[in-house]
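Read the figures in this text as sums done on the coordinates, not as results from a lab. Every value quoted in this text rests on a predicted model; they were computed, and no experiment measured them. Heads up, the Cβs are rebuilt from the backbone with ideal geometry, glycines too, and the neighbour counts pull from every protein chain shown.
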Amino acid sequence: MSETSKALVGSATDDERIQRPRKKRRQASHGPAHEEPWAPYLFISPFFILFAIFGVFTLLYTFWVSLHDWSLLGGMNAFVGIDNYTRLLDDPRFFKATVNTFSMLLLSTVPQMIMALILAEILNDRLLRGSHLFRSGLLVPNITSVVAIAIVFQSLFARQNGLINAVIQLLGFEPLNWHAGRLSSHLAIASMVNWQFTGFNTLIFLAALQAIPLSYYEAAQIDGATRIQRFSKISVPLLRPAILFAVVLSVIGQLQLFAQPMLFGAGAGSTSGGNDNQYLTILLYLYGQAFQQPFRFGYSAAIAWMLVLMSAAAAALVFGVNALLDRRENRAERQYRKARTRSQEVAR
Amino acid sequence: MTTLEKVSTRGDGSTGRSELTLRDRPPLVRAVHSMRRSGVKYTILGLALAVSVFPFYWMYVVASNSNAVMSQFPPRVIPGPNFLTNARLAIEGVPFGTALLNSFVVASAITVSVLFFSTMAGFAFAKMRFRGRGGLFTFVLGTMLVPQQLGLIPLFILMGYFGWVGDLRAVIVPSLVTAFGVFWMRQVVAGSVPDELLEAARMDGCSIFGIVRHVVWPSVAPGAAVLGLYTFLFAWNDFLWPLVVLGNEPSSHTIQIALRTLSDTYYVNYSMVMAGTLLSVVPLMIVFVLFSRQMVAGAMDGALKG
C-alpha cells in the first residue's frame, strides 16, 4: 500500500529514489534514527497514550460497566453478570431500534452509492466544463453539520407547512404525516443521510475512476460497447475497492445514526424516536437510557457492546460479499484464459 | 491516446469533444450525438447541484419570512424581509455568541494539536526506522475501525473523575490527536519531504527537533492545511459527545448544542430556528468558499490514500 500511495502523493522523491542505489537510500533514512533512537517513540507516543486512555480503556470499561447494575446517580451497584445482555435481548424497544437502524441504513446506503456511481461516471470527463463548480457543489452538504441538516429537513418534511407536503398537495395527492409512519419517517431520515453523503462518495468514486487507464474505455469503444456497457463492465468492476471502502464507511457510520432521528423528533420528547419509537435508533436508545431518566449506565453499556458486535458483523458481511465476488471474478478469468488457449490451439 | 492526453481539461471543450467520442462516425452525426449526450450530462449534474444547494436557499427563505407567511398555502418560495428580526430572536433565545465562541475555541485547539502531534508521528512513521514501525502503523490504521462513540459512558464517568463534566476540556482532550491525522500526515511526509534534505540538514548538525522545524514543517504545509481544514470542520460539527458532556452546562454549549436547544424549545417558530441555523452555517460556508479547491482535492486524495 505504501508504494502505491507514495506514487500517488509525490513525484519528486520517487524520481530521485529510482536513480539512487539501494544501499545509500537505506543509510539515508537510517540517519535520524541512529542518533536519537528515542525520537520516533517520542513522536508517536501522544497518539498511543491518548488511544490507551480514550480508546482501549473506555471500551473495556464499557464492558465492565455493562456487567453491573450501574446508574448515573447511584453509582456502581451490584454485579449482575450478563443480566443486562439477556434483558436487552428481550427488550422489544431495543429490537425495534435495531430494525429501524438497519432499515435506515439500507435506505440510505443503497441509493447513495448508486447515485454517487452515476454522478462520478458523468464527472469523469476531462472535457467537462465547470467541473470544479459541480465537485464543490456536491461536497457542500458534506461539510454542513448534521444538526443544521436535520433541522432543515425536519421542516421540509413537516406535516403542516412543510414544503414537501405542499408539493404533494399541489400535485393533487393527500399530504403525508411523515413523522407518524414507520417507513415514511425512515425515508425522511435516510434522505438527510443521502443528501449529506452522496457528494462525498461521488468524489471518492471519481478519484478512483480517474486512476483507470483511458485506453480501457477506448478499446471498449472500438469494440462497440455502449456508454452504459462501459460503465457497468469497466467502471463498476474496477471501482470495487473504492465501493468497498465507501460501503464499509457508510455502514459503520449509519449504525451510529443519532442526530438526525433526535432532531427529526424535535419538541416531541426527542429521545424516544417518535411516539411509537418508529424512528428510534440504537444509539438514540443508548443515549436516552444513559443520560436521561432512568440513567441506566449498565444497561446502555450493554447496548454499546451490542452495537460494537453489530458493526463488526456488518463489516465482516461486507468484506465477505467482496471476497465472494473476487472468487467469482477469478473463476471467470480462469475460464476465459482456458477458453482462449483452447481456441488458440484449435487455430493452430 | 496521445491526442486525448493533449486535450486540456478546460477552455477548449468545443474543439476537443469531437475528438474524444465516436471517431469512426461522420462528423455531423458525431456532433449531434455528443451535443445530445452532453445535454443529458449537464442536466443530471445541474439537478444534483440544485438538490445540493437547495436546502441552504430554503433555510434563507424560511428565515427571512415570518412564521405567519410560511404557514400559508401554497408556501412562499422567495425570501422575505424578516431575516434580521428572526436572527435577533434566535440570538436572544439561546446564548448564541457564547456558543459560537466555545465552538471556535474547541475547534481551533483540536486543529492545532492534531496538526502538531500528527505531523510528528507521521514524520516518525514515514522517515525514521525503528523497531515495530510496521506493526505500530498497522495498529494505528486498525484503530480507525473502532467506533469512537461507543466509549460514551466510560468516557463520561472518566470526565467525572477529572472534574471536567461541563468543561470544554472534556471535548478537546480526547481529540488531541487522531488516527486519521497520523495516517494522513504519514502519507504527506512520505510524499513531500525529500530524503536528501533530511540528510543535508543532518550533516549540517541539525538536531532532530531542528529537522522537524526547518525541514519537515515547511515541506508539509499544503498537505497539513487540508488536514487542518477537515479537522476544524469535524470538530465544529461534532454533536453527540459535546451534548453528553456539556449538555447540562449552558455556558459551555457549543454551537451545535445551542442549535439543538433552539430547535427543541422553539420548534413552533420555524423562522426563528432557521435563522439561527443559517447563522451557524455561515462560518463554515466562508471557510468552504475560501478553500473549496483544497477541500475537493483533499476529499479525493483521502480516497486514494485509503
* **Cα→Cβ-extended label distance, 7 Å offset, between A:Ala180 and A:Glu333, nm** => 5.6 nm
* To do: Count, for each residue of A:165-175, the Cβ atoms from other chains sitting within 10 Å of its Cβ, then give me the mean as a whole number.
  => 1
* Kirkwood-type radius of chain B, with distances r between different C-alpha atoms, in Å -> 23.6 Å
* Provide Rg over Rh for chain A; use the alpha carbon set for both Rg and the Kirkwood Rh (inverse mean inverse pair distance). => 1.06
* **HN-Hα J in Hz across the stretch A:133-145 - Karplus 6.51, -1.76, 1.60, θ = phi - 60°, x for Gly and Pro** => 4, 5, 4, 6, x, 6, 7, 3, x, 5, 8, 7, 6
* What residues qualify as long-range amide H neighbours of B:Gly80, i.e. H under 5 Å apart, gap of 5 or more or another chain, H built at 1.01 Å from N? -> B:Ser64, B:Asn65
* Structure fact -> A correct Karplus calculation of ³J(HN,Hα) over the stretch B:254-259, with 6.51 cos²θ - 1.76 cosθ + 1.60, θ = phi - 60°, whole Hz and x for Gly and Pro, returns 8, 4, 5, 5, 4, 4
* Structure fact -> Sorted by chain and then number, the residues having a modelled amide H within less than 5 Å of the amide H of A:Trp70, at least 5 places away or on another chain, are A:Asn77, A:Phe297, A:Gly298, A:Tyr299
* Structure fact -> In nanometres, the difference between 0.36 nm per residue of separation and the alpha-carbon distance of A:Ala347 and A:Ile118 is 78.3 nm
* Which of A:Gly298, A:Gly55, A:Gly265 moves most in a GNM of chain A, Cα contacts under 10 Å? -> A:Gly55
* To do: Rounded to the nearest Å, what's the spacing between the alpha carbon centres of the stretch B:58-103 and the stretch A:171-236? Just the number, please.
  => 34 Å
* Asked: Which whole-number percent gives the relative contact order of chain A, counting Cα pairs below 8 Å spaced six or more residues apart?
  -> 24 percent
* If you average the sequence gap of Cα pairs under 8 Å that are 6 or more apart and divide by the length of chain B, what percent do you get for the contact order? -> 27 percent
* Asked: Taking the simple approach of a point 7 Å from Cα along Cα-to-Cβ for both B:Trp217 and A:Phe57, what is their distance in nm?
  -> 3.1 nm
* To do: With r as the distance between the Cβ atoms of A:Asp276 and B:Ile78 and R0 = 41 Å, compute the FRET efficiency 1/(1 + (r/R0)^6) and round to 0.05.
  => 0.65
* Suppose R0 equals 60 Å; then what is the FRET efficiency for B:Ala200 and A:Leu89 from their Cβ-Cβ distance, rounded to the nearest 0.05? -> 0.40
* Structure fact -> Only helices counted: for chain A, with every DSSP H run of 4 or more residues adding -39500 (n - 2.57) and the sum spread over all residues, [θ] at 222 nm is -23500 deg cm²/dmol
* Asked: So how far, in whole Å, is the C-alpha centre of the stretch A:38-95 from the one of the stretch B:264-306?
  -> 33 Å
* **Fluctuation leader among A:Thr226, A:Thr98, A:Thr202 - chain A, Gaussian network, Cα springs under 10 angstrom** => A:Thr226
* Would you mind calculating the relative contact order of the stretch B:95-265 from Cα pairs under 8 angstrom and at least 6 residues apart, reporting the percent as a whole number? => 43 percent
* Asked: With chain A treated as a Gaussian network of Cα nodes joined by springs under 10 Å, which of A:Glu121, A:Glu36, A:Glu174 yields the largest mean-square fluctuation?
  -> A:Glu36
* To do: Can you tell me the 0 to 90 degree angle between the C-alpha axis of helix A:22-35 and the longest principal axis of chain A, rounded to 10?
  => 40 degrees
* Karplus couplings for the stretch A:163-168 from phi (6.51 cos²θ - 1.76 cosθ + 1.60, θ = phi - 60°), rounded to Hz, Gly and Pro as x? -> 5, 5, 5, 4, 5, 4
* Structure fact -> So for the protein assembly as shown, using the alpha carbon gyration tensor with a ≥ b ≥ c as root eigenvalues (a/c under 1.5 gives rounded; past that, a/b versus b/c decides prolate or oblate), I'd call it oblate
* Asked: At A:Arg129 and A:Ile168, where each label point lies 7 Å from the Cα along Cα→Cβ, what is the point-to-point distance in nanometres?
  -> 4.0 nm
* Shape call, the stretch B:95-265: gyration tensor on alpha carbons, a/c limit 1.5 -> prolate
* Between the stretch B:112-148 and the stretch A:117-145, what's the alpha-carbon centroid distance in Å? -> 31 Å
* How far is helix A:146-156 tilted off the main Cα axis of chain A, in degrees rounded to 10, range 0 to 90? -> 70 degrees
* Asked: At a Förster distance of 41 Å, what's the computed FRET efficiency of A:Ala220 paired with A:Ala316, Cβ-Cβ distance as r, to 0.05?
  -> 0.75
